[in-house]
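Take a look at the structure below.
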Amino acid sequence: MENKINNNLLVCKACGYKTKSKNLRNVCPACGVDKKFFIPFTDNISHIRRSILELHMHPIAVHFSVAMSVFLFLTILVSLFTGGKFSAFLQSASAVISITLPFFIIAGLVSGIIDGVARFKKVKRPMLLNKIYLSAGFLIIAIVILAIIQIYGFDYLYINIILLILCFLSAICATLLGKLGGQLTDAILPGK
């Protein structure tokens, strides 16, 4: 199978932005270079792999776990400085988030492996392995947070401080995963 030139699509040589030729104006809408920097898009991967990648399963799944880890940190933090029903509400929300977070991390991990195989044909690539290890760490932290909340609740200040530290660590894992993922999206995909 050889590379296919899609005459309807153009790609910016400067930034990689793709657009239909009929939609191209005087400058690239992504980076602003002149339209003379656009060339016909050559797709070097199979239709099946392209279809899987265009579902965007992994970015969607990952955004849930990232948002939940940050939101969990914030709900616990705010609940420490409030009282009464509002604090109880935030603690209940934190408990629900702690139950769902591991499932969203697993969804991100599984969709990342599917995306990695579709994108790079193999999972055993250094950056993909780093993402898998970070995801495993993220999952372990989320499970520990869940266990602490289920066993101890929010009754003691030191438990809340431990939870905040763990939530902060989970947010760091999420940030590092995002940085690695951003670097991988710019990679040139192996053919077929």
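Apply the membrane-span-like helix rule to the chain: whole DSSP H runs, Cα extent along the own long axis of at least 20 Å, mean Kyte-Doolittle hydropathy at least 0.0. List the helices found.
The qualifying helices are 57-80, 84-120, 126-152, 157-185.
State the three equivalent ellipsoid semi-axes of the chain, derived from the C-alpha gyration tensor as the square roots of 5 times its eigenvalues, in descending order and whole Å.
42, 19, 12
If you line up the Cα atoms of the stretch 66-115 on their principal axes, what length do they span on each, largest first, in Å?
Extents along the principal axes, in whole Å: 45, 14, 9.
Which chymotrypsin sites (Phe, Trp or Tyr not before Pro) in the stretch 24-109 sit in a loop by DSSP (not H, G, I, E or B) and have at most 11 other Cβ atoms within 10 Å of their own Cβ?
Passing sites in the stretch 24-109 are 81.
Using the structure shown, list the pairs from 18/121; 122/179; 35/121; 20/121; 121/179 with a Cα-Cα distance above 30 Å, or answer none.
From the list (18/121; 122/179; 35/121; 20/121; 121/179), the Cα-Cα distance tops 30 Å for 35/121.
Mind putting a number on the dipole of the stretch 4-43 about its Cα centre? Charges go on the C-beta only, +1 for Lys and Arg and -1 for Asp and Glu, and I need it in Debye to the nearest 20.
120 debye
About its Cα centre, how strong a charge dipole does the stretch 51-185 have in debye, to the nearest 20, once Lys and Arg get +1 and Asp and Glu get -1 at the Cβ?
Once rounded to the nearest 20, the dipole reads 500 debye.
FYI, it's all coordinate maths here, none of it is from the lab. None of the values given here were measured: they were computed from a predicted structure. Because the Cβ atoms are built from the backbone with ideal geometry, glycine has one as well, and the counts that use them run over all protein chains shown.
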